[in-house]
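Heads up: the structure comes next, in structure tokens.
Here, each number is a calculation from the coordinates, and none is a lab measurement. Not measured: the values here are computed from a predicted model. Glycine also receives a Cβ, built like all others from the backbone with ideal geometry; neighbour counts cover every protein chain displayed.
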Amino acid sequence: TLTGKTALVTGSTSGIGLAYAKAFAAQGANVVINGFGDAAAIETERQGLEATSGAKAIYSGHDLTKVDEIEGMMRQAAEAFGGVDILVNNAGVQHVAPVEDFPVDKWNLIIALNLTAAFHTTRLAVPHMKEKKWGRIIQTASAHSLVASPFKSAYVTAKHGLAGFTKTIALELATFGVTANCISPGYVWTPLVEGQIPDTMKARGLTREQVINDVLLESQPTKQFVTPEQVAGIALFLCSDAAVNITGANISVDGGWTAG
Ligand code: NAD
């Protein structure tokens, strides 16, 4: 179990992040959830996590595109729990456009949230992990940390960067009981995927059904979306004793996408 441990999951008011938070709570961990959304809905989820874990769950609404806000979130976690034992860098956004039309503000947002935020949370979490001689850093990377798709220049760049960052910190932390790994899902059915369907329709001139079957599931040999719970299951495994020697790895959960 993860009783006595504290897990912080960025971008956990929705989708994959919420599934991680629920999985950690089910193992008895304290949980810090983060992200945006309807305040009442978030409070309901927070209470649900405490009911599941029998431990504490707190909410941070900090905007992780800003370094002072990231510092605020990490301070909030340290004040509540003394530090973060399991750090999951999961918050991320997508934008789909040809490179020559790619909005500069979207590029900057995606690099800040999907890549730079993980550097800041990591540098702030690592001293506590080293002191405890135990820590788990888990990134929600993507199949796009390994291969590219057209019209996703910022996202593919950020996720490849995240994969390189993770290998680097895995080497730095290898003798401190701290592992760092990427989980790389293919297409997971979440609001992020649903939200990019209209833009992909526009960029490629396709119908909704064509985007789902010919673009999204085209890449996934199993012809099935990955579930958020399947991604969270890998994170729990990485926190288990069986996984102490898994570090610097990039674990695909993509229905065979990157095998092809
Ligand atoms: P989602 O849209 O359901 O959730 C994104 C979360 O990030 C939400 O909680 C949102 O509030 C939060 N967020 C957005 N902007 C933020 C900000 N500035 N500061 C703090 N939080 C912010 O998306 P998801 O599909 O669950 O994606 C989660 C992660 O998984 C992302 O990193 C994404 O790139 C990755 N991923 C998703 C898929 C997929 O198919 N859904 C595949 C591979 C990787």
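Structure values in brief
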{"read-out": "Fully extended contour minus Cα-Cα distance, from Val104 to Ala148, at 0.36 nm per residue", "value": "13.9 nm"}
{"read-out": "Debye, to nearest 20: dipole size of the chain, +1 on Lys, Arg Cβ, -1 on Asp, Glu Cβ", "value": "540 debye"}
{"read-out": "Sites Asp241 and Arg123 - FRET efficiency at Förster radius 30 Å, r taken between beta-carbons, to 0.05", "value": "0.65"}
{"read-out": "Paired Rg and Dmax values of the stretch 119-260, which use every Cα atom, in angstrom", "value": "16.7, 54"}
{"read-out": "Range of Cα positions in the chain per principal axis (Å), largest first", "value": "52, 41, 34"}
{"read-out": "5 angstrom amide H check on Ser60, placed H, neighbours 5+ away", "value": "Ile33, Asn34, Gly35"}
{"read-out": "Candidates per trypsin sites (Lys or Arg not before Pro) in the stretch 201-230, loop by DSSP, up to 14 other Cβ within 10 Å", "value": "Lys223"}
{"read-out": "Residue-span extension gain [Met201 to Glu172] - 0.36 nm each, minus C-alpha spacing", "value": "6.1 nm"}
{"read-out": "At R0 = 35 Å, FRET efficiency that the Cβ-Cβ distance of Lys133 and Ala26 yields, to 0.05", "value": "0.90"}
{"read-out": "Amide proton proximity set for Gly135, modelled H, under 5 Å, gap of 5+", "value": "Val178, Thr179"}
{"read-out": "All Cα pairs of the stretch 212-260, percent lying beyond 14 Å", "value": "59 percent"}
{"read-out": "Order by protection proxy (mean Cβ within 10 Å, highest first), peptides 87-95, 235-243, 175-183", "value": "87-95, 175-183, 235-243"}
{"read-out": "Taking the chain and dividing mean pair separation by its residue count, relative contact order in percent (alpha carbons under 8 Å, at least six apart)", "value": "19 percent"}
{"read-out": "Between 0 and 90°, nearest 10: helix 228-239 axis offset from the chain longest Cα axis", "value": "40 degrees"}
